[in-house]
Amino acid sequence: MTIDILDKAHEPTAEELADSIAGAGGASWRELTAFLAGNLGAKAQIAYSVCSGQPGWNLKYKKGGKALCTLYPEKDYFTALVVLGQEDRALFDTVREDYGSYITGLYDKCRLFNGTKWLMIEVTDAQSLAEVENLIALKLRK
């Protein structure tokens, strides 16, 4: 079923959000949400964003009150917002060689906002999916 992620009047289910992403992107979404819920025990919340940068329905994940990521569905892929605080950034700097040029490039270009870096990562392939999982796991290492 195709949904309109900008239709604020219809709150989609988590399954509808996943179904709105075509092909391999939908499979990657399901893999990441299974990792977050199963491996990490994170809780999901469907929310509507009016942010001009990424408006529409999304899926936010938290664990123990700590925000882990927000997932924004697109047509053939999805975007994962991962916010790295000061401690997260210090940890990232010690393992940055474990990440590819896409993630390190985003990280280096991202400006600091109140001591945080807001990484908007387009998950389009297996490598970007694995690196998002690693960034989220990094946030829980502290």
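Please find the FRET efficiency linking Asn39 to Ala126, where r is the Cβ-Cβ separation and R0 is fixed at 25 Å, and quote it to the nearest 0.05.
Values: r = 17 Å, r/R0 = 0.67.
Computed FRET efficiency for Asn39 and Ala126 comes out at 0.90.
Name the residues whose placed amide hydrogens come within less than 5 Å of the amide hydrogen of Val123, ignoring near sequence neighbours (fewer than 5 apart) on the same chain.
Excluding prolines and chain starts, which carry no amide H, the hits are Phe78, Thr79, Ala80.
In degrees from 0 to 90, rounded to the nearest 10, what is the angle of the helix 126-139 Cα long axis to the longest principal axis of the chain?
60
Projecting each Cα onto the charge dipole of the chain (Lys/Arg +1, Asp/Glu -1 at the beta carbon, about the Cα centre), which of Gly64, Ala42, Leu17 comes out farthest on the positive side?
Gly64
Relative to the Cα centre, what is the charge dipole magnitude of the stretch 14-139, using +1 at the beta carbon of each Lys and Arg, -1 at the beta carbon of each Asp and Glu, and rounding to the nearest 20 debye? Could you put the intermediate results ahead of the total?
On the way: 13 positive and 16 negative charges, 117 e Å.
Magnitude of the dipole: close to 560 debye.
Could you sort out which of Lys62/Lys109; Lys8/Lys60; Lys8/Lys43; Lys43/Lys75 sit more than 18 Å apart by Cα distance in this structure? Intermediate values should be presented prior to the final figure.
Values: Lys62/Lys109 26 Å; Lys8/Lys60 16 Å; Lys8/Lys43 22 Å; Lys43/Lys75 24 Å.
Table pairs above 18 Å Cα-Cα are Lys62/Lys109; Lys8/Lys43; Lys43/Lys75.
Can you give the extra length, in nm with one decimal, that the chain gains between Arg89 and Lys66 once fully stretched, where that is 0.36 nm per residue apart less the Cα-Cα distance? Provide the component values of the computation, followed by the final result.
Details: separation 23, 0.36 × 23 = 8.28 nm, distance 1.58 nm.
Taking Arg89 through Lys66 to full extension adds about 6.7 nm, to one decimal.
Excluding residues fewer than 8 places away in the same chain, name every one of the aspartates and glutamates whose C-alpha is closer than 20 Å to that of Lys117.
Result set, ordered by chain and number: Glu87, Asp88, Asp93, Glu97, Asp98, Asp108, Glu131, Glu133.
From the phi of every residue in the stretch 28-39, what ³J(HN,Hα) in whole Hz does the Karplus formula 6.51 cos²θ - 1.76 cosθ + 1.60 yield, where θ is phi - 60° and glycine or proline is x?
Once θ is set to phi - 60°, the couplings for the stretch 28-39 become 5, 4, 5, 5, 5, 5, 5, 4, 5, 6, x, 6 Hz.
Measure nothing but the geometry: give the 0 to 90° angle between the long axis through the Cα atoms of 86-95 and the longest principal axis through the Cα atoms of the chain, rounded to 10°.
The helix 86-95 is inclined about 70 degrees to the chain.
Laboratory data are not the source of any read-out in this text; all were calculated from the coordinates shown. No experiment lies behind these values; they were computed from the predicted model shown. Using ideal geometry, Cβ is built from the backbone for each residue, glycine included, and neighbour counts are taken over all protein chains shown.
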